[in-house]
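J.: Supplied in structure tokens, the structure appears directly below.
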Amino acid sequence: MTLAETCGCRLLYSSDQSLLLEFREASDRLLLTLDVIRAADLPGLVNLHPAYATILLVFDPVETTHAELAGHLLPLLEHAPKRASHGAIRTVEIPVRYGGTGGPDLDWVAEHHGITPADVVELHSAADYEVRFLGFAPGFAYLSGLPGVLATPRLDSPRTVVPAGSVGIAGTQTGVYPAASPGGWRLIGKTDLRMFDPSRNPMSLLEPGDRVRFIPV
Amino acid sequence: MISVQSPGAFTTVQDLGRPGYGLVGLSRAGAADPVAIRLGNRLLGNWENTAALEMTLLGGTFQFHHGADVAVTGGACGPAMWKPFRVAPGGILKFGPITGGVRSYLCIRGGIQVPLVGGSASTHMHGALGGLEGRALRKGDVLELGSEEASGVIRSGLRPEVLAALAYRSTLRVTRGPQADRFDAANLARFHSQAYKVSNNSNRLGIRLEGPALSLSDGAEMTTEGVPLGAVQVAAGGHPIILFVDQQTTGGYPKIANVITVDLPSVGQLRPGDEVRFQQVDPSEAQRLILDRETLLRSEEIFL
């Protein structure tokens, strides 16, 4: 059920305590809008679940309603900046040991693409990535920017345990496992950085909108 | 202080959860039956958000080093439900199987003291954080209790008509999900008429349901989007899953419906093998029910 439409976005009824802001496509505009929403401190808003082209807004249904929240959101959407100002962008560097025991699939990925392992490392670490959103597991960042030549299919059968810090490729995506979990991504390296640490503030190393560089060590 | 002599089948420290971390992929967690923990705490004069023990399927055995006032709420787990009683110093509380639901709350005046993570004591199993070391209780664990100084008056119990009004439901009311239009009329009708069985493979992340599979008009593929608590996702096999308190914050399966807020405590009490049905209500009805429920829960008239 569409509650409102403006500037190429739709507000949809999601549940009795949430609404879904939907953009036509994944774009920087979503990240800029997310910043605006976070800064606005909207009454009754308790949580945000962003994804590729949507932001789920969870609210306290005793404090506010869909209509009230939509009423606060519409002017924000109309006035949200369309482009990022340069100073606001944060770049996080992630040191990675490519190959070896932490990156058991590096050679396979190289062979799959008919290039050398050193080429894979060069391509993967030369690219600029951007955190689109976090999901799947706490601290797991969906990154855009993997060079198309590195797009690699997942493992046929997932590993039962992938260690925390493993850097992998799956399809057109790359990312870092924040905690040990089962997983089907092709592992090309490992970082010692803790992507997610509940005893730290902030818990997550990465936030939506961060730029990421992988640094070979 | 209390010592865990037996943790039961699965017991965690919970409060009302940790909202605000969806941005980094961490869901809210908190009590699976928030009404039970709120009322248990209010009966004891605690703040509603005070940490308690959530016991699942089979309750545990706990020794109290000092005397304490406690209340047991939620699924029935022993004779003294929904009314505070006193445990003597050195006393042992031993709980058995949970019936009439699947989760019981052991609330203690002053609450359970654990280090807060992101402002909450609740254990998030998937994120391995909060509660006691981010895990379920084990035999031999020792839990600190909070100070009783700030606590209010202890009540003698709840009016029977209040408990009747809060009875757990096997027909869950739902609003229409954002991808309901991907299901044709026959499949939507089937979803709202047939009984589903709660799978053994259900937990705080999600309640898996078994029954005749639903089919989607144009496949189960969709772009991953933010998903709310209580969303009913239909995965590729055609079986619904209710996303629950330790849920993933995003999901890539169509959502046919969403359990309404006032029926979420009933989801928290679904036991493997239980039968559930879904009944659609309007958003305005869902909203009215929330406000009615909240008026009831905040009232002073609910106590004996």
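J.: If A:Pro61 meets every condition in (1) in contact with a strand residue (DSSP E or B) (Cβ under 8 Å, 6 or more places away or on another chain); (2) buried (at least 18 other Cβ atoms within 10 Å of the Cβ) apart from one, which number is that one?
T.: Of everything listed in (1) in contact with a strand residue (DSSP E or B) (Cβ under 8 Å, 6 or more places away or on another chain); (2) buried (at least 18 other Cβ atoms within 10 Å of the Cβ), A:Pro61 misses just condition (1).
J.: Further question on the same structure: Taking B:Val174, is it over 20 Å from the mean Cα position of the chain (by Cα) and among the β-branched types (Val, Ile, Thr)?
T.: Here the answer is no, as B:Val174 does not meet what is asked.
J.: Could we say that B:Met125 is under 19 Å from B:Leu205 (Cα atoms) and among the aliphatic types (A, V, I, L, M) here?
T.: Taking the combined requirement at face value, the residue satisfies it.
J.: How many of the residues in the range B:122-135 are open to solvent by 20 Å² or more (accessible area, probe 1.4 Å) and closer than 23 Å to B:Asn46 by Cβ?
T.: Qualifying residue count, the range B:122-135: 1.
J.: If you don't mind, another one. Evaluate the following for A:Leu146: is it open to solvent by 10 Å² or more (accessible area, probe 1.4 Å), in a loop (DSSP other than H, G, I, E, B), away from chain B (no Cβ under 14 Å) and out of contact with any Asp or Glu (no Cβ under 8 Å at 6 or more places or on another chain)?
T.: Taking the combined requirement at face value, the residue satisfies it.
J.: Among the residues of the range B:121-132, are any within 19 Å of B:Gly268 (Cα to Cα) and either aromatic (Phe, Trp, Tyr) or more than 14 Å from chain A (Cβ to nearest Cβ) (or both)?
T.: Scanning the range B:121-132 turns up no residue that is within 19 Å of B:Gly268 (Cα to Cα) and either aromatic (Phe, Trp, Tyr) or more than 14 Å from chain A (Cβ to nearest Cβ) (or both).
Condition check ((1) closer than 22 Å to A:Pro138 by Cβ; (2) outside the structural domain of A:Pro208 (by TED's automatic domain parsing)) across all residues:
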{"position": "A:Leu20", "(1), (2)": "yes, yes"}
{"position": "A:Arg38", "(1), (2)": "yes, yes"}
{"position": "A:Leu42", "(1), (2)": "no, yes"}
{"position": "A:Leu45", "(1), (2)": "yes, yes"}
{"position": "A:Pro50", "(1), (2)": "yes, yes"}
{"position": "A:Gly71", "(1), (2)": "no, yes"}
{"position": "A:Tyr98", "(1), (2)": "no, no"}
{"position": "A:Gly102", "(1), (2)": "yes, no"}
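J.: Okay, next question. Restricting to the range A:171-184, count the residues that are more than 13 Å from chain B (Cβ to nearest Cβ), surrounded by 17 or more Cβ atoms within 10 Å (Cβ to Cβ) and closer than 18 Å to A:Val131 by Cα.
T.: 1
J.: How many of the residues making up the range B:286-303 are at the interface with chain A (Cβ under 9 Å from one of its Cβ atoms) and farther than 25 Å from B:Ser156 by Cβ?
T.: 5
J.: Of all residues in the range B:215-264, how many are more than 14 Å from chain A (Cβ to nearest Cβ) and not small (Gly, Ala, Ser)?
T.: Count: 6.
J.: Can you list the strands (runs of 3 or more DSSP E) lying wholly within the range A:1-119 that have 3 or more residues being more than 10 Å from every other protein chain (Cβ to nearest Cβ)?
T.: Counting at least 3 such residues, we get A:2-6, A:9-15, A:91-98.
J.: Still on this structure, I have one more. Quick check: anything in the range A:78-95 surrounded by 21 or more Cβ atoms within 10 Å (Cβ to Cβ), more than 24 Å from A:Met195 (Cβ to Cβ) and free of Cβ contacts under 8 Å to residues at least 24 places away in the same chain?
T.: No: zero hits.
J.: Can I ask one more? Which of the strands (runs of 3 or more DSSP E) contained wholly in the range B:10-121 include at least 2 residues that are open to solvent by less than 20 Å² (accessible area, probe 1.4 Å)?
T.: The strands (runs of 3 or more DSSP E) meeting that bar are B:10-14, B:52-56, B:61-64, B:68-76, B:99-108.
The values are calculated or read from the model by the stated rules, or taken from the named source; none is laboratory data. All figures in this text were calculated on a predicted structure; none of them were measured in a lab. Note that each Cβ is placed from the backbone with ideal geometry, even for glycine, and that neighbours are counted across all protein chains shown. What goes into the accessible areas is simple: the full protein's heavy atoms, side chains included, and nothing from ligands, DNA or RNA. Shrake-Rupley method; radii C 1.70, N 1.55, O 1.52, S 1.80 Å.
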